[in-house]
Amino acid sequence: MRLLFAAAITGLVALGATPAMTADVALSSRITAATVFPSGAEISRIGSINVQQGEHTLIIKDLPAETITESVRVTATATGRLAIGSVDARKVFITSSEAASADVRRKELEDALHRLRDKESDLNAAIQAAQTQNDLIANLAQLPTRPAPAASPGEHTDWREILSVISSASADAQRAKSDAAQQLRDLKQQISDTQKELSKLAPAKQRRTQVKIFVEAAVPLEGDVTVRYQVRNASWTPFYDARLVSGAKAIKPKLDLIRRASITQRTGEPWNQVAITLSTTRPKAGAAAPELQPMTVDYRPEPRPVAMAPPAPEMDALSDMAEESRTRSSRSRASRMARKERKKIAPAKPKVARVVNAPFQALYQVPGRLDIPATGEVKRVLIAQETTEPKLVVRTVPKSDAKAYLYAKFIVPEGSPVLQGKVSLFRDGTFVGTGTLPVLASGEDHDLGFGIDDSVRVRYNIEQEKRGETGLISTSRTDNRSYKISVKNLHERAIDIVVEDQVPASKNQEIKVVTTGNFKPTRSDVDDRRGVVAWDFPLKPGEERVFSFGYRVTWPSERSIVYGR
């Protein structure tokens, strides 16, 4: 039975702390699993070893360059006692593994290039010889124009024959030169092509991460070494299908939430036949909350008086009087400024910091094994499907839109947190639009909108919009507004209704706002929105609810008001 010995040691351990090794073992490994985070991934590689008793250095060179060296961890299983001493991880440049297989072809091309170079030299020599012969013939062609040497009696020079021989020889030399030049052009093209092919086969240097694992085997043994490390350029993004069956009079509604994921990676190494696990953990979202530095508040420093030259003796009395007046005036101004500054600085509030953390953790193991290339190509997978019984609610905001919208309220199942993502919405098999799901914890509820509900009729009418004055001497002004709202249920079953409206939110204590109407809202400041009110009530089949709602605003007559956001 194999014994398990594990080491979880941070990379870049000092080499001086390790004993001298007796053997270096090149360890080839393959990717077997990957845990993908919303940003980044953890890769698992396994390599097999067969070592003798003693100390060894296991060397793995095929980790990608973007490996986070601090994340490298090593464990092992073996048939005997295997102690893992330390682990070193560093960036190196290595020769591409494909270059080794090209050695034979590279030697063939180098030999061919030598032969082509020798032939090039021969052709250059032939061209030079033809040129020399051409120059000699050209000199011979000049003989008839030169003074003839003294000839013996009866001697006669047949220039016609001589010129015929010169012409024939010149043509032969020119032809030889042209043929050699043509062959040289073709040869140079062959040399260029050979050089290009040879350059492509040159040993390529790649930046990779090298891991050295220092081990000691008590006996000869076999085993498997697992290396885990994190990389940055990988991610998965959730997206969802929400399929609502709205049900009928005797059929309960049903909501299917289908979770899907798109996975991409550009880590520099392909993932072939890899077991994929999707994690909601954010390993690099921050391990601790930021620290706030002290913030103080104090009076603004007053300007210091500028020293003046001493007055003339005859002006001392007048100067003293003027100085006393200026002092009183300065103290008065300083007192007013101090009160103003205290009034302005006192309400200062600290700026609230937002903490980024990873509150939810869930793992989704994708069935089977996947091939995910390192090109950034998107791989889409189905990760889960959950069915819940939602609560249907019709929501309307008649002030903005006199239509009713169907919502399904569901509770996130235990152990299945929801990450933020796009959701495609289907109601009774029909696509009705898209939305976005926020981050939701297990057990948390959420409302999803599924479009307009034509079986709920909404009307919104203005009853009164009137401004006036109150008091015998018109001490205040008023603005009265009143609206009539009606909602009718045309469904075959009862339905819960939510109607939202709003009243102005006063920003000044002198401006008073009072709600009016015959139906008091059940909620105020809905979802922390000031002035937003809501009515929650059920409606039976065919039932209609009609009610009035309004508000009255009162403010001092000498002022004017404006409605804003």
Note down all Cβ pairs under 6 Å where the first residue falls in region 533-548 and is touching a residue at least 24 places away in the same chain (Cβ under 8 Å) and more than 16 Å from residue 393 (Cβ to Cβ), the second is open to solvent by 70 Å² or more (accessible area, probe 1.4 Å) and outside any loop (DSSP other than H, G, I, E, B), and they're at least six residues apart or on different chains.
533/524; 548/484
So, in region 23-58, how many residues would count as being in contact with a Lys or Arg (Cβ under 8 Å, 6 or more places away or on another chain) and open to solvent by 30 Å² or more (accessible area, probe 1.4 Å)?
6
If we take region 7-66, then strands (runs of 3 or more DSSP E) inside it with 3 or more residues that are at pLDDT 90 or above, over 21 Å from residue 278 (Cβ atoms) and not small (Gly, Ala, Ser) are 41-51, 54-64
Top-ranked residue of region 492-507 - restricted to ones that are assigned to a loop (DSSP other than H, G, I, E, B) and in contact with a strand residue (DSSP E or B) (Cβ under 8 Å, 6 or more places away or on another chain), ranked as farthest from residue 456 (Cα to Cα)
506
Six or more apart or on different chains, Cβ under 8 Å: which pairs go from a residue in region 232-245 that's closer than 11 Å to residue 421 by Cβ and in contact (Cβ under 8 Å) with a residue 24 or more places away in the chain to one that's assigned to a loop (DSSP other than H, G, I, E, B) and of a type outside the set (S, T, N, Q)? Could you list them?
236/37; 236/38; 237/38; 238/419
How many residues are in contact with a strand residue (DSSP E or B) (Cβ under 9 Å, 6 or more places away or on another chain) and either outside any strand (DSSP E or B) or under 12 Å from residue 503 (Cα atoms) (or both) if we restrict to region 531-562?
17
Does residue 267 satisfy the criteria of being modelled with pLDDT of 75 or more and closer than 22 Å to residue 385 by Cα?
no
Kindly evaluate residue 219 against the criterion of being at pLDDT below 95 and under 30 Å from residue 363 (Cβ atoms).
no
Would you please list the contacts, defined by Cβ atoms under 8 Å and residues six or more apart or on different chains, that run from a residue in region 23-40 that is on the phi < 0 side of the Ramachandran plot to a residue that is exposed (fewer than 13 other Cβ atoms within 10 Å of the Cβ) and of a type in the set (S, T, N, Q)?
23/52; 31/272
Residues of region 221-269 that turn out to be assigned to a loop (DSSP other than H, G, I, E, B) and among the acidic types (Asp, Glu), as a count:
1
Among the candidates 250, 218, single out the residue that is surrounded by fewer than 21 Cβ atoms within 10 Å (Cβ to Cβ) and without any contact (Cβ under 8 Å) to a residue 12 or more places away in the chain.
250
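Here is a yes/no grid of residues against (1) farther than 30 Å from residue 218 by Cβ; (2) open to solvent by 40 Å² or more (accessible area, probe 1.4 Å); (3) touching a helix residue (DSSP H, G or I) at 6+ places or on another chain (Cβ under 7 Å); (4) modelled with pLDDT of 85 or more:
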{"position": "80", "(1), (2), (3), (4)": "no, no, no, yes"}
{"position": "85", "(1), (2), (3), (4)": "no, yes, no, yes"}
{"position": "90", "(1), (2), (3), (4)": "no, yes, no, yes"}
{"position": "93", "(1), (2), (3), (4)": "yes, yes, no, no"}
{"position": "127", "(1), (2), (3), (4)": "yes, no, yes, no"}
{"position": "137", "(1), (2), (3), (4)": "yes, no, yes, no"}
{"position": "142", "(1), (2), (3), (4)": "yes, yes, no, no"}
Single residue of 552, 559 found to be surrounded by fewer than 13 Cβ atoms within 10 Å (Cβ to Cβ) and out of contact with any helix residue (DSSP H, G or I) (no Cβ under 6 Å at 6 or more places or on another chain):
559
Criterion violated by residue 380 - all others in (1) open to solvent by less than 60 Å² (accessible area, probe 1.4 Å); (2) in contact (Cβ under 8 Å) with a residue 24 or more places away in the chain satisfied
(1)
For region 413-459: of the residues being acidic (Asp, Glu), without any contact (Cβ under 8 Å) to a residue 60 or more places away in the chain and part of a loop (DSSP other than H, G, I, E, B), which is least open to solvent (accessible area, probe 1.4 Å)?
453
Anything in region 253-268 that is open to solvent by less than 20 Å² (accessible area, probe 1.4 Å) and either under 19 Å from residue 380 (Cα atoms) or in contact with a helix residue (DSSP H, G or I) (Cβ under 6 Å, 6 or more places away or on another chain) (or both)? List them, or say none.
257, 258, 259, 261, 263, 265, 267
Would you be able to tell me the number of residues in region 508-518 that are under 16 Å from residue 464 (Cβ atoms) and not in a strand (DSSP E or B)?
1
Selection within region 221-244 - open to solvent by 50 Å² or more (accessible area, probe 1.4 Å) and under 30 Å from residue 448 (Cα atoms)
237, 239, 243
Can you tell me which residues in region 507-531 are over 41 Å from the mean Cα position of the chain (by Cα) and within 20 Å of residue 547 (Cβ to Cβ)?
513, 514, 515, 516, 517, 518, 519, 520, 521, 522
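The values are calculated or read from the model by the stated rules, or taken from the named source; none is laboratory data. Owing to the predicted nature of the structure, the values given are computational and were not obtained by experimental measurement. Heads up, the Cβs are rebuilt from the backbone with ideal geometry, glycines too, and the neighbour counts pull from every protein chain shown. Side chains are part of the model used for accessible areas, which takes the heavy atoms of the whole protein and leaves out ligands, DNA and RNA. Shrake-Rupley method; radii C 1.70, N 1.55, O 1.52, S 1.80 Å.
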